1. What figure, in Å² to the nearest 10, do you get for the accessible area of residue A:33 with a 1.4 Å probe and non-protein molecules left out?
2. Given axes a ≥ b ≥ c from the Cα gyration tensor, I'd like to know whether segment A:386-530 is rounded (a/c under 1.5), prolate (a/b larger than b/c) or oblate.
3. Rounding to the nearest 10 and keeping the result within 0 to 90°, find how far the Cα-based axis of helix A:400-409 lies from the longest principal axis of chain A.
4. Add -39500 (n - 2.57) for each DSSP H run of 4 or more in the protein assembly as shown, then divide by its residues: what number comes out at 222 nm, to the nearest 500 deg cm²/dmol?
5. Compute the acute angle (0 to 90°) between the alpha-carbon long axis of helix B:378-387 and the principal axis of greatest extent of the alpha-carbon atoms of chain B; round to the nearest 10°.
6. Calculate the dipole size of chain B relative to its Cα centre from +1 charges on Lys and Arg beta carbons and -1 charges on Asp and Glu beta carbons; express the result in debye to the nearest 20.
7. Is there a simple number for the mean count of other chain Cβ atoms within 10 Å of the Cβ of residues in B:292-305, and what is it?
8. Sort B:478, B:260 from largest to smallest accessible area, using a 1.4 Å probe on the heavy atoms of the protein chains.
Protein chains: 2
Amino acid sequence: MSMKWISTLLLLQFCSYFHSGSCGKVLVWPMEYSPWLVMKNILEELIQRGHEVTVLIPSSFIFVDGSVPSDIKFETFTTSINTEQLKIIYNEFISVRMKMGPINTCLAYSPEIENALVVYSSVWEIICKEAISNKRLMSKLQESKFDVLLADPVAPCGELVAELLKLPFVYSLRFTPGFQVEKVAGGLPLPPSYVPVMLSGLSGQMTFIERVKNMICMLYFDFWFETFNEKNWNKMYSEILGKPTTLYETMQKADMWLIRSYWDLEFPRPTLPNFEFVGGLHCKPPKPLPKEMENFVQSSGEHGIVVFSLGSMVSNLTEAMANVIASDLAQIPQKVLWRFDGKKPDTLGANTMLFKWLPQSDLLGHPKTRAFITHGGVSGVYEAICNGIPMVGIPLFAEQHDNIAQMEAKGAAVAVEFKSISNTVVLNALKTVIENATYKENAMKLSTIHHDQPMKPLDRAVFWIEYVMRHKGAKHLRPLAHNLTWYQYHSLDVIGFLLACVATIAFFVIKCFLFCFHKFVKTGKKKKRE
Amino acid sequence: MSMKWISTLLLLQFCSYFHSGSCGKVLVWPMEYSPWLVMKNILEELIQRGHEVTVLIPSSFIFVDGSVPSDIKFETFTTSINTEQLKIIYNEFISVRMKMGPINTCLAYSPEIENALVVYSSVWEIICKEAISNKRLMSKLQESKFDVLLADPVAPCGELVAELLKLPFVYSLRFTPGFQVEKVAGGLPLPPSYVPVMLSGLSGQMTFIERVKNMICMLYFDFWFETFNEKNWNKMYSEILGKPTTLYETMQKADMWLIRSYWDLEFPRPTLPNFEFVGGLHCKPPKPLPKEMENFVQSSGEHGIVVFSLGSMVSNLTEAMANVIASDLAQIPQKVLWRFDGKKPDTLGANTMLFKWLPQSDLLGHPKTRAFITHGGVSGVYEAICNGIPMVGIPLFAEQHDNIAQMEAKGAAVAVEFKSISNTVVLNALKTVIENATYKENAMKLSTIHHDQPMKPLDRAVFWIEYVMRHKGAKHLRPLAHNLTWYQYHSLDVIGFLLACVATIAFFVIKCFLFCFHKFVKTGKKKKRE
């Protein structure tokens, strides 16, 4: 084997050989809730492979707790926003979204939701400005000589920090509203005829009317974000970078996009070489349950259990709603484990047990589990997919409607509209997914699709982050579309030019024809008359 | 670990566990020249992993020799075409294409080349009909219960055999003219603004005029193939399948597309989940050279060697052209190994040695190799990319112009137009790629890109073929675009509907306005006058 091949092989093994401390230095721009929970899996794997990971966090933050002992380093910077304000903003955001339903976000002008988005965005704008103007922080980061920055575009500013520190950067994201960032900054082709835009609440299988809705959603998001960014982020980015630029122009420079989805969750759609679909990277084989919980599960006998959780952002329901659901649950032969933080419902059956927290992934991997009642957050849906568990989806906000719509279209879930819940609604849905065997079969099919990949999603995510570190970027994987203006991208200049050519030729042909006609035919007639 | 996870793992390891003879049965529709040479690598790997491979071949065929002992089984069927006729047709095809240059194929109507395409296509039509009407053959294939069929769409009929035998099928292909099949049958989005269509001879970096050329090429191929297929293949497929259908509709059912390209050769462009880019899957670490050849190579000292080959389809040049090139080669300090089958040129230098056959891949992997003079066939270009060797490209026909244009745009090759070769043209090109260090640097960059993938191209190709066997197809990876008509795909019905809505609303608004205007304003005026 020649030296060239050996050195190439050595290069590829880079971080498997040097496990002795620091083979790469990774900086992470902060993010909250489920983006952070998934990111943590990637960071832990990077640390396992010997990389050094530093996470930036504002002094007030909800989900990332820098004080908990961990192999992750935390770099805290002062912010004027306090945790209580943050919580209020997030809760406001959720409650507005729960009121709306998915279609309303794009089919009707909604000052309420747009206001919530503006507030959410302005929080990140403040955090961004405070990080960047913090000279001590920025010079410490500069001196640390990181190799790559990780960020989620739903929490903007990561790309700006990367630009200022001259670092390559990798995005990890589930979605942005209407796939705006993926499309405009990432260059991803998203034909509205068969790719439902995010927050439309549609699945990949669309009727004519649904395709009309999808088109309207797309146009709505295109227009809304264009004007919103222009007034806010574009101005700020231009000021800080000292040149006229935009948020999307800065985001465009991302070296790799790790999308937390795959063809088990979504229907196949066009992608690009610098997009990796790593949905379900947090799925792990189930660990044994706590003894007491295992006893309760085993007591279910052949009927098995139902797992019920509405996620980390919403653990309370109104008392009335909780009573309706509890009385439904009391009527099934399965035992139910319910993650619930409120007052114990009066109608709670003997088969139902309430928990403040559930080892959800381990429970979904338990052989006794028959169904999962979920709000449709991507993490939970993936845990169900990985373990082949059929779902009853009660989507609440964000992309939960979209996730459940996809699962329903793939025959692995029944969707229940939150506002429509009354007696027997949840009961009937549960009976359907448990008793109709096709739901289990379809869920198992999705599980097989998920597990049968050339490389596990987490390994792929880490591979591409290490790749960007090794090559100091991955510009050679970005489509050249980024060098074109929007009218060049859509070939409007070329079409215009060709039409002009055709028109010119047509003009001259007609002129020639008329000239000949006048010259020969009319002159001929005149001569005849003479 | 639960049983579910263990069984999933077992499933994934399927063919690593059962190496004992036949874990899958693979049928291959015949193909010629380089498609066959690359396919052989895949087939050998499949056999290595325990699968049984059967290749169909017509009794007269050029490249695939069923009589050579091999682990591949051959199933021969009688055809009325003889090998000599086939050779004449192929040579005719090549000589026409060599006369044309790439742009002529799409920028001017060319009866000569279209005639060559028609003859080529009719040969495959005859082979197809003879295979399908061969009852003994078809019932033998039916009884053999294959798991998958492999084919290259440049040799049509594989998809028809798969349809008749009810088999899932996988395509392996470099390209079809204008990416027609990939686009129309595969559903691949190919924006003409930054994706050069095949046989346009353009690279991914296009000027305005080149984008105009690309658009014209695209329209030309769209139109030409539409009418050509309608007259020929569509009619035949409809007759055989006993229902109105088309070639592309049958091709659309492909479960997986293995494209013999990657982002080392091409510039990044949109792809789909059922498309895998496995270019360079035939690259292997170099084996030692025959002793005499190694001695000649070593005698080159620090100057190293140049490898020169114009591929398997063209090994002869005119005497005059050979003399011009030989005299150029005589002037360089490197030793030259030239694959040449004709009369020894009078001007041949002492530094140049002629060979009827070269171990090209091993030579390109030799540390003494400085440059590669190539016709730009994809196999040779990939061997140069894998080993980081800069090229002088003398493209002759088919996609060779495109390959060399891409290599030139990436700074790893200098292109020489075959018809423009006169004294010092090849010499200057060679000097450039050898003496200007950036060519070597760029070639090495491409080599790194090629080798640094999550999984080797050959392993990926085999993975997806085994995947299709395991799942009896991969329909869940096909975009739903295939269920739409062309006007639905482009959302023309939706746009039409929305415009009609807008027009209707506008109509009523104007009507109301006019009504009010007449009612109040005019009546008011009248009253004033009264």
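The values are calculated or read from the model by the stated rules, or taken from the named source; none is laboratory data. All values derive from a computational prediction rather than experimental measurement. For neighbour counting, all protein chains shown are included, and Cβ atoms are generated from backbone atoms with ideal geometry for every residue, glycine included. Just the protein is used for accessible areas: all its heavy atoms, side chains included, with ligands, DNA and RNA removed. Shrake-Rupley method; radii C 1.70, N 1.55, O 1.52, S 1.80 Å.
1. In the full protein context, residue A:33 sits at about 30 Å².
2. Numbers: a/c = 4.48, a/b = 2.20, b/c = 2.04.
Taking the square roots of the gyration eigenvalues as a ≥ b ≥ c, segment A:386-530 is prolate.
3. It works out to around 90 degrees.
4. Numbers: 42 runs with 504 residues, N = 1060.
About -15000 deg cm²/dmol.
5. Rounded to the nearest ten degrees, it is 70.
6. On the way: 53 positive and 49 negative charges, 505 e Å.
With only Lys, Arg, Asp and Glu charged at Cβ, the dipole is about 2420 debye.
7. Numbers: counts 0, 0, 0, 0, 0, 0, 0, 0, 0, 0, 0, 0, 0, 0.
For this peptide, the per-residue mean of nearby foreign Cβ atoms is 0.
8. On the way: B:478 40, B:260 15 Å².
Largest accessible area first, the list is B:478, B:260.
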